[in-house]
1. Does any residue of segment 106-129 turn out to be under 13 Å from residue 151 (Cα atoms), touching a Leu at 6+ places or on another chain (Cβ under 6 Å) and touching a residue at least 12 places away in the same chain (Cβ under 8 Å)?
2. Look through 101, 111, 128, 96 and report the one residue that is surrounded by fewer than 18 Cβ atoms within 10 Å (Cβ to Cβ) and outside the structural domain of residue 163 (by TED's automatic domain parsing).
3. Of the residues that make up segment 126-137, is at least one part of a helix (DSSP H, G or I), touching a strand residue (DSSP E or B) at 6+ places or on another chain (Cβ under 9 Å) and either at pLDDT 90 or above or closer than 14 Å to residue 82 by Cβ (or both)?
4. If you take the residues in segment 15-51 that are outside any strand (DSSP E or B) and of a type in the set (S, T, N, Q), which one is farthest from residue 83 (Cα to Cα)?
5. Say we look at segment 55-113 and pick out the residues that are small (Gly, Ala, Ser), under 14 Å from the mean Cα position of the chain (by Cα) and part of a strand (DSSP E or B); which of these is nearest to residue 127 (Cα to Cα)?
6. Could you say which residue among 97, 69, 62 is free of Cβ contacts under 8 Å to residues at least 12 places away in the same chain and either of a type outside the set (Gly, Ala, Ser) or touching a Lys or Arg at 6+ places or on another chain (Cβ under 6 Å) (or both)?
7. Can you pull out the residues in segment 29-44 that are within 24 Å of the chain's Cα centre (by Cα) and either over 17 Å from residue 145 (Cβ atoms) or at pLDDT below 95 (or both)?
8. For segment 143-156, state whether one or more residues are touching a strand residue (DSSP E or B) at 6+ places or on another chain (Cβ under 8 Å) and not in a helix (DSSP H, G or I).
Amino acid sequence: MARERGERNRDREERDSEFVDRLVHINRVAKTVKGGRRMAFAALVVVGDQKGRVGFGHGKAREVPEAIRKATESAKRALIRVPLRDGRTLHHDVHGRHGSGKVILRAAPAGTGIIAGGPMRAVFETLGMADVVAKSMGSSNPYNMVRATIAALKAEDSPRSVAARRGLKVSVLQSRRIGADAEVAAEA
């Protein structure tokens, strides 16, 4: 019995070791009670496998390490898969919004790097994205920025899924894109 439990714990640790987590924000909150103030901490954590999966979580506790642990567990339960072009950038430009936080994510050529601020950078690094240009407008609240970025990434579509929806082959869809790029270049 004990050996089975040990094997399960080892399997869970191996599965968890594939994830990279980044602490985005810690907030100290105080609750006023009869004897004075009661301090607690809220943590925002982004988790990803650097291969196209990312999630974020929020945890609250009386101690910082416990809040971070709760947030990490929450993030692992809320992972989403994002299709990446060549495993390094987005397939197309996309907008995201949560509350008053608005973000614009743009695909970038190889070698550009991650051009994004604070909370968005954490999302892209844990996702495994190498080239992206992002702009945050509106709220600079880390919670809203992360949620808006995740909303934008959820709206990302791969050519394979678009082709399946339209009943086309991926090669036909890609040839149309190349043709459109040539027309734009000819006009310039």
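1. No - not one qualifying residue is present in segment 106-129.
2. On the way: 101 fails: surrounded by fewer than 18 Cβ atoms within 10 Å (Cβ to Cβ); 128 fails: surrounded by fewer than 18 Cβ atoms within 10 Å (Cβ to Cβ); 96 fails: surrounded by fewer than 18 Cβ atoms within 10 Å (Cβ to Cβ).
Answer to the check: 111.
3. Initially, segment 126-137 is screened for residues part of a helix (DSSP H, G or I), giving 126-127.
Now narrow it down to the ones that are touching a strand residue (DSSP E or B) at 6+ places or on another chain (Cβ under 9 Å): 126-127.
Imposing the further condition that a residue be either at pLDDT 90 or above or closer than 14 Å to residue 82 by Cβ (or both) reduces the set to 126-127.
Yes, segment 126-137 contains at least one residue that is part of a helix (DSSP H, G or I), touching a strand residue (DSSP E or B) at 6+ places or on another chain (Cβ under 9 Å) and either at pLDDT 90 or above or closer than 14 Å to residue 82 by Cβ (or both).
4. Taking segment 15-51 first, the residues outside any strand (DSSP E or B) are 15-19, 34-35, 49-51.
With of a type in the set (S, T, N, Q) added as a condition, the list becomes 17, 50.
Working: 17: 22, 50: 12 Å.
Ranking the candidates gives 17 first.
5. Here the answer is 55.
6. Values: 97 fails: free of Cβ contacts under 8 Å to residues at least 12 places away in the same chain; 62 fails: free of Cβ contacts under 8 Å to residues at least 12 places away in the same chain.
Going through 97, 69, 62 in turn, the sole match is 69.
7. Step one: filter segment 29-44 for residues within 24 Å of the chain's Cα centre (by Cα), giving 41-44.
The one that is within 24 Å of the chain's Cα centre (by Cα) and either over 17 Å from residue 145 (Cβ atoms) or at pLDDT below 95 (or both): 41.
8. If we filter segment 143-156 for residues that are touching a strand residue (DSSP E or B) at 6+ places or on another chain (Cβ under 8 Å), which is where we start, we get 143-156.
Imposing the further condition that a residue be not in a helix (DSSP H, G or I) reduces the set to 155-156.
Yes, that holds for at least one residue.
The values are calculated or read from the model by the stated rules, or taken from the named source; none is laboratory data. This is a predicted model, so every value here is computed, not measured. Ideal geometry is used to build each Cβ from the backbone, glycine not excepted, and the neighbour counts take in all protein chains shown.
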